[in-house]
Amino acid sequence: MSQKETCPKCGKKNYRIMALSVFIKIFLVKEVECSGCHFKWILNQYLCDPRNEHRYIQPHKEKLIQLHRWIWEYFNRKLESWEVIHHKNGKKGDNRYNNLVLMTTYSHARLERQKREIRKRREK
């Protein structure tokens, strides 16, 4: 954990998320509470992850959910079981709202298959 993720009052690294919200579709804002002294503070986090990996969050003690799915549901509606969120630029760590597209699982699988075929042709 970085220094920012420690409690500013007691310095402990254990905290729980109290509330989540997105600010200007660039920051994920977490209201957190220290599990030791119960001090509350705000953590800001960029929605773009340079490691290009999916990130997971656990809002309000619910089950773990992928960050890009949570962002889509925050601005739109709950996803159905046959729906997925696709990253337009192909970077899994780029969770900005304008980079996310709603697709069916079938159309997403077809798109990814086409991308793989194009990459294979380029390698030859």
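Restricting region 55-124 to chymotrypsin sites (Phe, Trp or Tyr not before Pro) that sit in a DSSP loop and have at most 13 other Cβ atoms within 10 Å of their own Cβ leaves 82. By the count of neighbouring beta-carbon atoms within 10 Å, fewest first, 85, 65, 118 end up ordered 118, 65, 85.
Quick note: the coordinates plus some simple rules give every number you see, no bench work behind them. Being a predicted model, the structure only gives us computed values, none of them experimental. Glycine also receives a Cβ, built like all others from the backbone with ideal geometry; neighbour counts cover every protein chain displayed.
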